[in-house]
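The block underneath contains the structure these notes are about, expressed in structure tokens.
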Amino acid sequence: MKVERTIERYHRCYNCSLSNNRPEESTQNWCQEVTKLKSKYEYLVRTNRHLLGEDLGEMSVKELQALERQLEAALTATRQRKTQVMMEEMEDLRKTERQLGNINKQLKIKAMLSNCFKTYQWAVIPTILNFRFSLVQWIATLNPFYK
């Protein structure tokens with residue numbers, strides 16, 4: 001809103017200077033504008049110093065109480081925002097935790113299947129070899145020429 005007012009003043013001064021085309025009026029308008037902006041700048045610098053806790057000696061009790069209320073409101077807003085950000089981060093971490101838990105479950109199943117396959121493979125190979133050897137012996141007993 002303050003920016004709009006500044007732009008509006010600029011257009012007013014700019015249009016005035018174009019329509020009037022009187023340098024002394026334009027200069028006077030600019031001098032007034034500079035004076036207003038300078039006082040506003042000084043006010044903002046003073047307010048900023050007060051918010052930082054500097055130059056408080058010149059302030060009255062009412063001004064100090066108003067500053068205190070303003071600082072408390074700012075602190076409350078800051079704490080609320082911090083809490084909101086932390087809650088969002090916690091939710092993201094919970095989501096990541098769930099995803100990692102699911103990946104962990106999948107890896108456990110994969111490892112168990114791999115171990116079962118290895119165990120089954122080593123358990124079955126001797127059985128297959130024994131069966132083959134037994135089959136060869138059986139065939140040999142049936143056919144005396146097989147050796």
So what does I7 come to for accessible area, using a 1.4 Å probe and Å² rounded to 10? 90 Å²
With all protein chains in place and a 1.4 Å probe, K108 shows an accessible area in Å² (nearest 10) of 120 Å²
Using the Karplus curve 6.51 cos²θ - 1.76 cosθ + 1.60 with θ = phi - 60°, work out ³J(HN,Hα) for each residue of the stretch 66-74 in order, rounded to whole Hz, and write x for Gly and Pro. 5, 5, 4, 4, 5, 5, 5, 5, 5
Could you list, in their original order, any pairs among K2/K82; K36/K82; K2/K62; K38/K62 whose Cα atoms are separated by more than 31 Å? K36/K82
If DNA, RNA and ligands are ignored and the probe is 1.4 Å, what is the ranking of S26, S114 by accessible area, most exposed first? S114, S26
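The values are calculated or read from the model by the stated rules, or taken from the named source; none is laboratory data. Remember, predicted model here, so these are calculated numbers, not experimental data. Remember, those area values only see protein heavy atoms, side chains included, never the ligands or the DNA or RNA. Shrake-Rupley method; radii C 1.70, N 1.55, O 1.52, S 1.80 Å.
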